[in-house]
Amino acid sequence: MSQTRRSLIAAAVGGALAVSAPAFAQAPSGKLVLYTSQPEKDAAQTTAAFKKAYPNVEIEIFRSGTTEVMGKLAAEISAGQPGADVLLIADAASMEILKGQNQLLAYPGAKTDGLQEGSFDKDKTYFGSKLITTGIAFNTAAKEKPASWNDLTNPALKGQISMPSPLYSGAAAIMLSTMTARPDLGWKLFEGLKANEAVAVRGNGAVLKSVATGEKAYGVLVDFMAFNAKKQGSPVEFVFPKEGAPAVTEPVAIVKTTKNEAAAKAFVDFILSDDGQKLALSMGYIPAKPSIGSPAWLPEGTKINVMPSDIAAVVKATEADKARFATMFGN
């Protein structure tokens, strides 16, 4: 697993857990405000585990899609009152934007030992915590079994496709700008999806629901949601498309204006620690630290072709790409 797994994390950046007592030198306390785009259940587990490790820290949380989280933070920054101490959001592109605006606090002392090189910012302003790829889910009753992104433009699938909107999902935004930059996919793919009457919904959860219930036979979906649903008995299958699977790393970062730097650093350390990485694994993710292992849904030796993503290029293109997407699929 090790070589395959290591290459996954690098490509993405270029692209009942028992929590032990904290091993960190300081004992932070006080209020810590987390803005996150984690699914609600994951966010609850993350904050509970951190609270168990740091009982003197009171953690408050704002949870929504990455776009709404970024919008809220941008408005607060503009007003001179950013409310977040730490961020845990879907994609590196959003973090790169904040870094470019000098809104992130570098943390040179972050405990990155054992993390795959390339899974965190070289200036240590943000740190990937896991690998999440996007592929194609389909209901087991579906007649067609797509193997390629371009298979979604097959007229036989017309009116049967759901996908997350990049206007609400950071992972979908990276997917959009990564795919439209490729000559083998480009905007031609999305024009084909439009012609096939694909619908854009607010997030991956809505996509999963539509596929699992049979409302739509096919969905563009993140890997762990599909595999976990399948494990729980939902009639869902998942394929990593042959052109590759776009990926995000759900990075964590400290906002430069944090009012509780000690607690914020403790949160980053917790996410990157063995306990934090085991928590990610227990949620069904591929952790950023190879030594922790892989989720049960990923068979040993599985080779995932991660679609390379130029984060700097994504940052430059994303707003124009989202605007064009909105004209095609609505807001």
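Hey, rough spin-label estimate for residue 319 and residue 181, points 7 angstrom out along Cα→Cβ, what's it come to in nanometres?
Between residue 319 and residue 181, the label points sit 1.7 nm apart.
Holding the Cα-Cα limit at 28 Å, pick out from 122/256; 130/265; 41/265; 111/231; 256/316 the pairs that are longer than that.
111/231
Through the Karplus equation 6.51 cos²θ - 1.76 cosθ + 1.60, θ set to phi - 60°, convert the phi angles of the stretch 312-320 into ³J(HN,Hα) values in whole Hz; use x for Gly and Pro.
Computed from phi, the couplings for the stretch 312-320 are 4, 5, 4, 4, 5, 9, 4, 5, 5 Hz.
Can you pull the one-decimal nm distance between simple spin-label points at residue 27 and residue 154, each 7 Å off the Cα toward Cβ?
6.2 nm
Around residue 307, which amide H atoms from residues at least 5 apart in sequence, or from another chain, sit under 5 Å from its own amide H, with H modelled in the peptide plane?
Placed amide hydrogens put 245, 247 under 5 Å from residue 307.
Average projected area of the Cα convex hull of the stretch 146-288, in nm²?
10.2 nm²
So what's the chain giving for Cα Rg divided by 2.2 N^0.38 Å, two decimals?
In units of the 2.2 N^0.38 Å rule of thumb, it is 0.96.
Rg/Rh for the stretch 199-263 to two decimals, with Rh computed the Kirkwood way over all alpha-carbon pairs.
My calculation puts Rg/Rh at 1.17.
Which percent of the accessible heavy-atom area of the chain goes to carbon and sulfur, probe 1.4 angstrom?
So the carbon and sulfur contribution to the accessible surface is 52 percent.
Put a dot 7 Å past each Cα toward the Cβ at residue 257 and residue 242; how far apart are the dots in nm?
Taking the two extended label points, one gets 5.1 nm.
Counting C-alpha atoms alone, how compact is the stretch 85-196: give Rg to one decimal and Dmax as a whole number, in angstrom.
In order Rg, Dmax, the Cα atoms of the stretch 85-196 give 18.0, 54 Å.
Which value does Rg/Rh take for the stretch 234-331 over its C-alpha atoms, Rh per Kirkwood?
Result for the stretch 234-331 is an Rg/Rh of 1.05.
To the nearest Å, what is the center-to-center distance of the stretch 84-137 and the stretch 270-288, using C-alpha atoms only?
The distance from the Cα centre of the stretch 84-137 to that of the stretch 270-288 comes to 15 Å.
Using only the Cα atoms, what convex hull volume per residue in Å³ does the stretch 36-86 have?
In the stretch 36-86, the Cα convex hull volume per residue is 63 Å³.
Stokes-Einstein diffusion coefficient for the stretch 34-143 at 25 °C in a medium of 0.890 mPa s, Rh from the Kirkwood formula over Cα pairs: what value in µm²/s?
D, rounded to a whole number, is 154 µm²/s.
Could you tell me what fraction of 2.2 N^0.38 Å the Cα radius of gyration of the stretch 60-124 comes to, as a two-decimal ratio?
1.20
Any idea what diffusion coefficient the stretch 239-284 gets from Stokes-Einstein, in µm²/s, Kirkwood Rh on alpha carbon pairs, 37 °C, 0.692 mPa s?
254 µm²/s
For residue 104, enumerate residues with amide H under 5 Å from its amide H, sequence gap 5+ or separate chain, H modeled in the peptide plane.
Those qualifying (amide H under 5 Å, at least 5 residues apart or on another chain) are 256.
Pop out the ³J(HN,Hα) list for the stretch 178-195 in order, Karplus 6.51 cos²θ - 1.76 cosθ + 1.60 with θ = phi - 60°, rounded to Hz; leave Gly and Pro as x.
Whole-Hz 3J(HN,Hα) from phi for the stretch 178-195: 5, 6, 5, 7, 8, x, 7, 10, x, 6, 4, 4, 6, 5, x, 5, 4, 5.
Could you pull out every one of the aspartates and glutamates with an alpha carbon less than 14 Å from that of residue 158, ignoring same-chain neighbours closer than 8 positions?
The qualifying aspartates and glutamates are 144, 191, 197, 215.
Taking amide H atoms as placed 1.01 Å from N in the peptide plane, list the residues 5 or more away in sequence, or in a different chain, whose amide H sits under 5 Å from that of residue 60.
Correct list: 32, 33, 34.
Pull out the extension gain between residue 274 and residue 123, defined as 0.36 nm times the separation in residues minus the alpha carbon to alpha carbon distance; nm, one decimal.
Going from the current span to full extension adds 52.2 nm.
Using θ = phi - 60° and the Karplus relation 6.51 cos²θ - 1.76 cosθ + 1.60, list the HN-Hα couplings for the stretch 44-55 in order, rounded to whole Hz, with x at every Gly or Pro.
Each residue's phi maps through the Karplus curve to give 5, 5, 5, 5, 5, 5, 5, 5, 5, 6, 10, x Hz.
How large is the accessible surface per residue of the chain, computed with a 1.4 Å probe and reported in Å² as a whole number?
Per residue, the chain has 42 Å² of solvent-accessible surface.
Round to the nearest 0.05 the FRET efficiency obtained for residue 144 and residue 195 when R0 = 22 Å and r is the Cβ-Cβ distance.
So, using R0 = 22 Å, E works out to roughly 0.85.
The values are calculated or read from the model by the stated rules, or taken from the named source; none is laboratory data. In this text, all values refer to a predicted model and were calculated from it rather than measured experimentally. Neighbour counts run over all protein chains shown; Cβ positions are idealised from the backbone, glycine included. Ligands, DNA and RNA are excluded from the accessible area calculation, which covers all protein heavy atoms including side chains. Shrake-Rupley method; radii C 1.70, N 1.55, O 1.52, S 1.80 Å.
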